[in-house]
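To start, the structure itself, in structure tokens.
The values are calculated or read from the model by the stated rules, or taken from the named source; none is laboratory data. Not measured: the values here are computed from a predicted model. Positions of Cβ are backbone-derived with ideal geometry, glycine not excepted, and every protein chain shown enters the neighbour counts. SASA here: full protein model, heavy atoms, side chains in, ligands and nucleic acids out. Shrake-Rupley method; radii C 1.70, N 1.55, O 1.52, S 1.80 Å.
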Amino acid sequence: MGKYENILKPIKIGNVVLKNRLISSNALPHFLQGPETWVNDPIMVFQANVAKNAAIVTIGHWFDPDQHSGKHHGDGCHFPSFDISDPSVENSLALYCDIIHMYGAKATMSMITFAPNGYDVCEGMGGGMPPMMGGAYDPTDEDSPPPMMGGPGGPPPMMDLPEGEEMPPMGGPMGMGGPVKAITPELMQNIVDEVAKECKYWKSIGFDGVSFHMAYQAPLTAKFLSPATNKRTDEYGGSMENRARFPLAICQGVKDACGQDFIVEVLMSGQEAEGGITIEDTVEFAKLAEGKVDILQIRGGDGDEAHPTTFNSVKEEPVTLKVAEAVKKSGAKIIVAPIGGYQYPDLVEKWISEGKMDMMASGRTFVCDPEYTKKLTEDRGEDVVPCIRCNKCHGLSNDGPWISVCSVNPKVGVDHIAERLFAPANRSKKVAIIGGGPAGLYAAMTLADRGHTPIVFEKKKVLGGQLIHADYAGFKWTLKEFKDWAIRQCEKRSVEIRLGVEATPDMIKAKDFDTVLVCTGAEANIPDIPGLKKDDGTLADGVFVPLSVFGNVEKLGKRVAVIGGSEIGCETGMYVAESGREVTVFTRQNQLAPSAQRVHYGLPALGYHGLKQKLCCTTVAVDGGKVTYVNYKGMEKTLEFDSVIISGGENPRYEQALTFYGSAPEFAIAGDCAGNGEGTLQKAVRSAWAAAMRI
């Protein structure tokens, strides 16, 4: 048997055989579906790739007439929306299931149960808006803009509505706003009956089961399960046995209507904050659920914890593992599948073999690497593409653009047409790659896979480009993993890499390359603020750019100002703050890191490590350690610091890149030097892959 025999070993649920121990949760990249009224090709191809890997493929609940109206804030407009009364749409759904089955996988439909309008688990007021990020409003700081101006704790931006339409009333599915009544047993039974009826429909068109979302205290069923939201005093409140009565009635109703072999999965927050669900509660629920629930997918206590980033998770200790282990030790007769950071095959294999879990549930794993299971079958776990936990697959921001991307898989969103976009290489070419950053490394891998001979020239003694900062910032550990993975992948492909060599056009021309691909990146932009530069154009004493700080924090003084509140500026400030220094970030924006991925990201720079923030402030001068700025009231002030870090964005190295034109018959550029806007790993990888695929 191979290294991953436990992950790849089939498992039975009654008379149903699952081909391995992998579950793909409801994690479709959020904007693959366009305006088509049927399941489109991007979804079909993406889910087919997932089905090659996972034994169960879950898809979202696919109908909401308002889904694409623009009334949903944030990533709420991402779910596909179809009219299932249309026979052609029903056909596409049936075809979708058939495609999943072609790869030996099972198709399950995600289900979420909400209360009827005007009702909730208890009588009272519906929940409020989720808190805004940005830290607490400090009324004692006269530089801090009040919440209603968009400062910390302020409201989210208003959504744009079509002309003539009004803002929808607060309330609805998440139970926000307005007085509500406690839902009655009669209404609960109506829900049980309706859900069972709907599940019979899903079964009739090919679905093998359903996955009930009962997590995060959001759906009605989750509110029943959590003692933090369930304050009922009747037979539906109090003990876990009572709190689980209604959710489990739904599950039993589905089994009665669809048969015992129709898979029922429950997504549950295994442990919530104080006052919520405890590990002991989850263990008891697992025992109560025997025979009604086949798979218990254990999630984090809230949406952020369930979508772990580098800031709120530890690779070797995913937060749900201890809950899964407790359920397994209890002897509950239920399949346990924790989720949230379980991408690493060696760890998962170990945990399954130790009896801490039965199956691995994941979403991002199969977004990052559509060959995950193939690599495990071939004992190549080290080749699995590491997820950097950026959550860009969950949406780029709360304000768009509404596209689906993955930072480490450039084919996401275009996989269905990739073969038509790029023709196979007609002959092997010798390609010079100028720059050994992420773009250069990814291009080298891709070129080698296409049968070319890439040679990488890197003027520094190390590879990685701007990703080198991840070697020093502990909270960027996934970026370090990706950098090291890319280097290893080039080594495995025997890519020639010349370190400490600054390539020139004449050098490339003399070597008779067929193609030159320039990936020289970008350099720090120094804004036109008096005092940042000396007369000769070099940085003034005590002034630093972000990349120069990593690994050299001892050069900074005790009090540090960061001018520029972008994601780069904030994370540089966080790194510096970890050394015990006092850090203040100045930004003209009304929040820190406004372009950072907001969905389930919760950038800890917003109050993290005691980072101080000066929002809506414009820096007008730097004099030694003195920073002069104008606050949102128009008042000019000066604060003293020991060191200043300037984070003013980056300038693509256009001119350097263009000097290589003519040094080989073919010329291309990729990565930051191609001028793709604000540099991100996602843009670097996609542009490098595309450039290499054209060669």
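Skipping prolines and chain starts, which residues have an amide H placed within reach, meaning under 5 Å, of the one on E523, given they are 5 or more residues away or on another chain?
Residues meeting the amide H criterion: N651, R653.
What accessible area per residue, rounded to a whole number of Å², is obtained for region 319-369 using a probe radius of 1.4 Å?
On a per-residue basis, region 319-369 sits at 29 Å².
For helix 185-204, what angle does its Cα long axis make with the longest principal axis of the chain, in degrees from 0 to 90 and rounded to 10?
70 degrees
Here is the link list: K203/K223; K19/K203; K476/K637; K3/K683. Which ones come out longer than 25 Å on Cα distance?
Cα-Cα > 25 Å for K203/K223; K476/K637; K3/K683; rest within.
Antiparallel versus total DSSP beta bridges in the chain: what percent is that, nearest 5?
On the way: 19 of 84 bridges.
Among the beta bridges of the chain, antiparallel pairing accounts for roughly 25 percent.
To the nearest 10 degrees, how steeply does helix 438-449 sit against the main Cα axis of the chain, on a 0 to 90 scale?
70 degrees
Counting only protein heavy atoms, what percent of the accessible surface of the chain is carbon or sulfur at a 1.4 Å probe?
51 percent
Which whole-Hz ³J(HN,Hα) couplings does region 529-545 yield from phi under the Karplus relation 6.51 cos²θ - 1.76 cosθ + 1.60, θ = phi - 60°, glycine and proline marked x?
Result, ordered by residue: 10, x, x, 7, 10, 7, 4, 7, x, 7, 5, 5, 4, x, 10, 10, 9 Hz.
Going out from 0 in 5 Å bins, what whole percent of all Cα-Cα distances in region 373-528 drops into each bin?
Using 5 Å bins, I get a P(r) of 2, 8, 14, 17, 19, 18, 12, 7, 3, 0, 0, 0 for region 373-528.
Calculated from DSSP H runs of 4 or more alone, at -39500 (n - 2.57) each and per residue, what is the 222 nm mean residue ellipticity of the chain, nearest 500?
Mean residue ellipticity at 222 nm (helix-derived): -8000 deg cm²/dmol.
Alpha carbons only, please: Rg and Dmax for region 195-323, in angstrom.
15.1, 44
With θ taken as phi - 60° and the coefficients 6.51, -1.76 and 1.60, list the Karplus ³J(HN,Hα) couplings across region 573-579 in order, rounded to whole Hz; mark glycine and proline as x.
x, 4, 4, 5, 5, 4, 7
Quick one: what are the phi-derived ³J(HN,Hα) couplings along region 510-523, Karplus 6.51/-1.76/1.60 with θ = phi - 60°, whole Hz, x for glycine and proline?
6, 8, 6, 6, 7, 9, 10, 10, 9, 10, 8, x, 9, 10
For H101, H394, give the ranking by accessible area with the largest first, probe 1.4 Å.
Order by accessible area, largest first: H101, H394.
Within the chain, what is the longest stretch that has no GluC sites (Glu not before Pro) placed in a DSSP loop and near at most 15 other beta-carbon atoms within 10 Å?
Here the longest run is 503-677.
For the chain, report the translational diffusion coefficient in µm²/s to the nearest whole number, using Stokes-Einstein at 4 °C, 1.567 mPa s, and a Kirkwood Rh over Cα pairs.
It comes out at roughly 47 µm²/s.
Give the whole-number value, in cubic angstrom per residue, of the convex hull volume spanned by the C-alpha atoms of region 531-668. Don't skip to the end; give the middle numbers.
Numbers: hull volume 21.1 nm³, N = 138.
In region 531-668, the Cα hull volume divided by residue count equals 153 Å³.
What's the angle, to the nearest 10 degrees (0 to 90), between helix 321-330's Cα axis and the longest principal axis of the chain?
Helix 321-330 sits roughly 30 degrees off the main axis of the chain.
Near the amide H of A361, under 5 Å away, which other amide H atoms are found, from residues 5 or more places off or on another chain, if H is placed in the peptide plane?
Amide H neighbours of A361, under 5 Å, 5+ apart: I23.
Taking every eigenvalue of the Cα gyration tensor of region 348-394, multiplying by 5 and rooting it, what semi-axes result, largest first, whole Å?
Value: 20, 15, 9 Å, ordered largest first.
Can you list the residues, at least 5 places off or on another chain, whose amide H is less than 5 Å from the amide H of R299, using H built in the peptide plane?
M268, S269, G270
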